[in-house]
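Remarks on the structure that follows.
The values are calculated or read from the model by the stated rules, or taken from the named source; none is laboratory data. This structure is a prediction, so every number in the text was calculated from the model and none was measured. Heads up, the Cβs are rebuilt from the backbone with ideal geometry, glycines too, and the neighbour counts pull from every protein chain shown.
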Amino acid sequence: MAQADTASLPQALPPWHRLVRTARREPAMAGGVLVLALLCLVAAVPGLFAGQSPYAIDVANALQPPSAAHLFGTDDTGRDIFARVIHGTRMTLAICASALLIAAVIGGIGGTVSGFFGGWIDQGLGRLIDVVLSFPPIILGVIVTGVLGPETSNLILALSVIYLPVFFRIARSGAVGEVGKTYVEAARCLGLPEATILRRHVLRNVLPLVLMQYIVQFPLVLQIQAALGFLGLGVQPPTPDWGAILQQGKDAILLAPWISLFPGLAVLITAFALMLTGRALQRSVDRR
């Protein structure tokens, strides 16, 4: 009888079966994840996809349209646009990921502390965040990079400042919701220090909200990064970067539109894949 009961129980599905079932249920997320996986592979080993150097200058083949020899054409110095877009994937994604990570860590911790303790700490940090939010994102990015100079580190700092209030508010709202729960009151009754309750319990429950916001905000920071690069405030040539390639092609947009077209498409496709993945994950979390 025991064996029969055991045989009637549902067997655990293999990992590949669960992946297929998830892909069928969320085709948009599956498509976005595949594109992101490909982009990660491109960023990790760009030489696997582009055999030519992104720095090689060939003036004799300047401003060549897309062809079999140059899939995305060449720029005004004869550099291969395909190679520059492929090699620029690593720099672009690294800048966005680093900036969001800094904003998530500082904003997440600051928002959690602010929501947990309240009082003058909440008031003081809230007013600082309101000052940052009073500037439109592009304007704030232009101010920071314009004052500090158009360097990669300054671009990361500017993007971090722009998106720090987003993570601060998300973490603060999560912490405020956790403070009134029973487990926090029970921990206080047991005599646990406030810092221990914050670190071991509240911060742990706020972390999923911050991680979800990290994914949701990634396509937005990618667009801001490309916009600042287009304005000449991002990565400086000859380093390949999608925004820098866009900035390089703006002066020849009528003569050689392919210089700006393909890095622009790269930004669009990446942002769309991130948006699909983020929204699908958000729906999944909301259902749970």
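Filter the helices (runs of 4 or more DSSP H) completely within the stretch 184-288 down to those with at least 3 residues that are modelled with pLDDT under 90 and under 24 Å from the mean Cα position of the chain (by Cα). Can you show your working first?
On the way: elements: 194-197, 203-230, 242-249, 258-287.
The qualifying helices (runs of 4 or more DSSP H) are 203-230, 242-249, 258-287.
Rundown of residues vs (1) surrounded by fewer than 20 Cβ atoms within 10 Å (Cβ to Cβ); (2) more than 25 Å from Thr152 (Cβ to Cβ), yes/no style:
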position: Glu194; (1), (2): yes, yes
position: Leu228; (1), (2): no, no
position: Gln236; (1), (2): yes, no
position: Gln247; (1), (2): no, no
position: Ser260; (1), (2): no, no
position: Gly264; (1), (2): yes, no
position: Thr277; (1), (2): no, yes
(request) Go through the stretch 147-162 and give me each residue that's closer than 13 Å to Val235 by Cβ and surrounded by 16 or more Cβ atoms within 10 Å (Cβ to Cβ). (result) Pro150, Thr152, Asn154, Leu155, Ile156, Ala158, Leu159
(request) Output the qualifying pairs, or none if there are none: Cβ atoms under 8 angstrom, residues six or more apart or on different chains, first residue in the stretch 181-192 and under 16 Å from Arg204 (Cα atoms), second residue of a type outside the set (S, T, N, Q) and part of a helix (DSSP H, G or I). (result) Tyr183/His201; Val184/Glu178; Val184/Ile197; Val184/His201; Val184/Val202; Ala187/Ile197; Ala187/His201
(request) Note down all Cβ pairs under 7 Å where the first residue falls in the stretch 56-79 and is without any contact (Cβ under 8 Å) to a residue 40 or more places away in the chain and at positive phi, the second is in a helix (DSSP H, G or I) and not β-branched (Val, Ile, Thr), and they're at least six residues apart or on different chains. (result) Gly78/Ala60; Gly78/Asn61
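Would you pick out the residues in the stretch 63-88 that are closer than 15 Å to Ile245 by Cα and touching a strand residue (DSSP E or B) at 6+ places or on another chain (Cβ under 7 Å)?
First, the residues of the stretch 63-88 that are closer than 15 Å to Ile245 by Cα: 63, 72-88.
Within the stretch 63-88, Leu63, Thr74, Asp80, Ile81 qualify.
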(message) Return the residues of the stretch 221-255 that are of a type in the set (A, V, I, L, M), over 19 Å from Gly78 (Cβ atoms) and touching a residue at least 12 places away in the same chain (Cβ under 8 Å); say none if nothing qualifies.
(response) Val221, Leu222, Ile224, Ala226, Ala227, Leu228, Leu231, Leu233, Val235
(request) Being among the small types (Gly, Ala, Ser) and touching a residue at least 24 places away in the same chain (Cβ under 8 Å) is the filter; apply it to the stretch 127-146 and report the residue that is farthest from Pro208 (Cα to Cα). (result) Gly146
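Is the stretch 14-23 home to any residue that is at pLDDT 90 or above, of a type in the set (D, E, K, R), under 30 Å from Leu276 (Cβ atoms) and in a helix (DSSP H, G or I)? Break it down into steps so the answer makes sense when it comes.
First pass over the stretch 14-23, keeping only residues at pLDDT 90 or above: none.
There is no residue in the stretch 14-23 that is at pLDDT 90 or above, of a type in the set (D, E, K, R), under 30 Å from Leu276 (Cβ atoms) and in a helix (DSSP H, G or I).
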